[in-house]
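This report refers to the structure that appears directly beneath it.
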Amino acid sequence: MRSTFTLYTGGTAIDLTDVVHPDNREMAVRAVQSIDLDVGGVDFLTSDITQSYKEVGGAIVEINAAPGFRMHVAPSEGEPRDVSGKVMDMLFPQGTPSRIPIASITGTNGKTTTSRILAHILKTAGHTVGMTSTDGVYIDGRLSVKGDMTGPTSAHIVLRDPTVDFAVLETARGGLLRAGLGYRRCDVAACLNVASDHLGLRGIDTLEQLAELKRIPIEVARNTAVLNADDELCLRMADYTQAEHLCYVTMNPAHSLVKEHIQAGGRAMVLEQGIYGDMITLYDNGTHFQLLWTHLIPATMEGKATHNVQNAMFAAALAFGMGKSLDDIRHGLRTFNSTIFQAPGRMNVFDEHPFRVILDYGHNAAAIQSIGQLVDRLEVGGRRICVLAAPGDRRDEDIRAIAQAAAGHFDYYICKADDNRRGRGEDEVPQMLRAQLLEDGERDDVIEVIPGEPTAVTTSLEMAREGDLVVIFGDDIERCWKQIAGHEVEGEDQAGVESERPAQSFVEENPEAFMLDPGAELIRDERGVRIARVDEDSD
């Protein structure tokens, strides 16, 4: 008998799998399971492994959580066995998916909101969702990494997380240009729209070039490609997809191409008019399903925010492509709100003042136009006040287009600049906006230039009266929201109407309003009421 049994010190490995007694095999399995292991190696001492330990005795020396396979693959005696293959078959049974489902969402506007709605639908259906967006990386609804995380690096963070079972990845132009997608294929993909934004940067000078770039997720989708049938550039992408299903989204129930697609058994998400309002209807394989009235989706402001109606339709189409039931989709849509907590900077509404405030991150002409159309549909008793801005790194014609999109929808304009001027002068952008508003017929006395965002926001809130609507196109969303929530309305300044909800009362009764920055506090001094961090001197 040798004095060692370890292979590394000269021991002999004899494979006895075929002759081990069933009692000994069952004992080893139970020992591994008792310490909650999927794979384990049991060191068992006995005089004869072919006899039951109940008869000849024996003892367990140790259980290895990471046992070696070499003695079975190449034993000194006995038949070699593919142990690692058996382990892989246990971890990944034949026919079960080995990859988590991926949804890739691209386009010019609406990507973040659509991603959030889809992630919410999947979460309420019981899944652990990893999401990337311009706000950051979220794992199961919790912010993991803050910042603009829409490129391949952020996708890897989600796809490597062992707790995630569904990935919702916002896919933006910048990441695609720098380093590609970050994954070879996705299960479902959507292109929401292609509009003028970031043109003239990094070699993308035309809408056609931008569309070609945003077509990449559509090209690698395997199950479903979702396209905006109301956007010609999106429609052309249908010729490049290899997905099993092609789903069109349209706000026009009379769309001729979509009708032909439906008649051929294709899939489509259509907004149809009914006696009780607009109904989102799903067509698939010759059958149609009424999904939900748009006024029942909180994020659409009773169906008036048609851009969020469209975002909800895309999210529903993507969820259906990922195998979610209509009931799961309905529940997700009915419980998603465009609040500062669920969708920061995406049409956040504040109704705690005598006037209404809407905060939005719109930064291109198409986004401004969508909010302007919403403003036209809202019942506003007083004035419509707009705080307008444009990113400094856009072309001059893009900045002018933003002013053109806003013109005619508001009664008063405050033109400001983003904190980062991006190569422009201190008040260059707001002056360009002012000049274009004047050219579009707005009067000089209803336009004011205030370059700094904090001052511009404060001015809009101070001039607002009961029944007014203030729309703020913000850059620093957290700071803007704190200014809005912390603004104190003086009763004498509101045409004799005393505010029932002063700022201090609101903060005390709604501490969640400052969840974006737990270190914030309300400061009263000669400058009025403002929000500040306890460890900072600035506003």
Among the listed residues K259, K214, identify the single one that is over 27 Å from D393 (Cβ atoms), among the charged types (D, E, K, R) and not assigned by TED's automatic domain parsing to the domain that holds I399. K259
Of all residues in segment 325-345, how many are at pLDDT 90 or above and surrounded by 21 or more Cβ atoms within 10 Å (Cβ to Cβ)? 4
Candidate set: segment 191-249, residues that are surrounded by 19 or more Cβ atoms within 10 Å (Cβ to Cβ) and among the basic types (K, R); chosen: the one farthest from T108 (Cα to Cα): R215
For segment 234-241, check the following and say yes or no: at least one residue is free of Cβ contacts under 8 Å to residues at least 40 places away in the same chain and among the acidic types (D, E). yes
Residues that are at pLDDT below 95 and more than 23 Å from I340 (Cα to Cα): does segment 371-381 have at least one? yes
Can A407 be described as in contact with a Lys or Arg (Cβ under 9 Å, 6 or more places away or on another chain) and either in contact (Cβ under 8 Å) with a residue 24 or more places away in the chain or in the same structural domain as H363 (by TED's automatic domain parsing) (or both)? no
Only strands (runs of 3 or more DSSP E) wholly contained in segment 237-318 count here; list those with 2 or more residues that are closer than 24 Å to R185 by Cβ and touching a Ser or Thr at 6+ places or on another chain (Cβ under 8 Å). 245-250, 267-274
Quick check, is D418 in contact (Cβ under 8 Å) with a residue 40 or more places away in the chain, more than 27 Å from K482 (Cα to Cα), buried (at least 18 other Cβ atoms within 10 Å of the Cβ) and acidic (D, E)? no
Within segment 277-306, considering residues that are aromatic (F, W, Y) and surrounded by fewer than 20 Cβ atoms within 10 Å (Cβ to Cβ), the one farthest from the chain's Cα centre (by Cα): F289
For F92, which of the numbered conditions (1) exposed (fewer than 13 other Cβ atoms within 10 Å of the Cβ); (2) in contact with a Lys or Arg (Cβ under 7 Å, 6 or more places away or on another chain) fails to hold? (2)
Unmet criterion (only one of (1) out of contact with any strand residue (DSSP E or B) (no Cβ under 8 Å at 6 or more places or on another chain); (2) in a strand (DSSP E or B)) for A167: (1)
When segment 88-127 is checked residue by residue, the ones that are out of contact with any strand residue (DSSP E or B) (no Cβ under 6 Å at 6 or more places or on another chain), closer than 28 Å to A365 by Cβ and small (G, A, S) are G110
Tally up the residues in segment 451-481 that are of a type outside the set (A, V, I, L, M), buried (at least 21 other Cβ atoms within 10 Å of the Cβ) and not in a helix (DSSP H, G or I), please. 3
Within segment 422-443, how many residues are farther than 18 Å from A405 by Cβ, basic (K, R) and either crowded, with 16+ Cβ neighbours inside 10 Å or touching a Pro at 6+ places or on another chain (Cβ under 7 Å) (or both)? 2
Scanning segment 272-283 residue by residue, the ones that are touching an Asp or Glu at 6+ places or on another chain (Cβ under 8 Å), over 12 Å from A316 (Cα atoms) and not acidic (D, E) total 1
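The values are calculated or read from the model by the stated rules, or taken from the named source; none is laboratory data. From a predicted model like this one, the values you see are computed outputs, not experimental measurements. Neighbour counts are summed over all protein chains in view; Cβ atoms, including those assigned to glycine, are modelled from backbone coordinates with ideal geometry.
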